[in-house]
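The values are calculated or read from the model by the stated rules, or taken from the named source; none is laboratory data. Worth saying up front: this structure is predicted, and the values here are computed from it rather than measured. Note that we place each Cβ from the backbone using ideal geometry, even for glycine, and neighbour counts take in every protein chain shown.
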Amino acid sequence: MSENTALIELANFVGRSSLASPDMAVRNRALSGITQRMLPRKRSVGDLLGVVLALSARTRRMVQDPVTIDIDVFAPGGARAVDLIFGERDA
């Protein structure tokens, strides 16, 4: 039963897409809209400058030596209370 109803629905299907329009101008506009969305958008000078600055900053960070920060906190008796180390600790 379900196979028959599915086939009947398929036989009665009417395409409502603008691509199914008999008018070629409507079809062309629909195809143009699809292709325009698929094409990469044009980049502005500001977009390109942002990319260059981001790559430049990454390159500088990769080339620079890593920074090591040691923070020592001592208790009132003089003993070390907290030792936070960011980066690699030298021997």
* Asked: How about region 9-33: which of its residues are surrounded by fewer than 10 Cβ atoms within 10 Å (Cβ to Cβ) and either of a type in the set (A, V, I, L, M) or within 21 Å of the chain's Cα centre (by Cα) (or both)?
  -> Leu10, Ala11, Val14, Met24, Ala25
* Looking only at region 73-91, and only at residues there that are at pLDDT 75 or above and surrounded by 10 or more Cβ atoms within 10 Å (Cβ to Cβ), the one that is nearest to the chain's Cα centre (by Cα) -> Ala81
* To do: For region 24-36, indicate whether the set of residues that are in contact with a Ser or Thr (Cβ under 7 Å, 6 or more places away or on another chain) and in contact (Cβ under 8 Å) with a residue 12 or more places away in the chain is non-empty.
  => yes
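Report whether or not Asn4 is part of a helix (DSSP H, G or I) and loosely packed, with under 10 Cβ neighbours inside 10 Å. Lay out the reasoning, then the answer.
Values: part of a helix (DSSP H, G or I): yes; loosely packed, with under 10 Cβ neighbours inside 10 Å: yes.
Spelling it out, Asn4 is indeed part of a helix (DSSP H, G or I) and loosely packed, with under 10 Cβ neighbours inside 10 Å.
Please state which one of Arg41, Arg61 is outside any helix (DSSP H, G or I) and either surrounded by 10 or more Cβ atoms within 10 Å (Cβ to Cβ) or free of Cβ contacts under 8 Å to residues at least 40 places away in the same chain (or both). Explain how you work it out, then say what you get.
Working: Arg61 fails: outside any helix (DSSP H, G or I).
Testing whether each residue is outside any helix (DSSP H, G or I) and either surrounded by 10 or more Cβ atoms within 10 Å (Cβ to Cβ) or free of Cβ contacts under 8 Å to residues at least 40 places away in the same chain (or both) leaves just Arg41.
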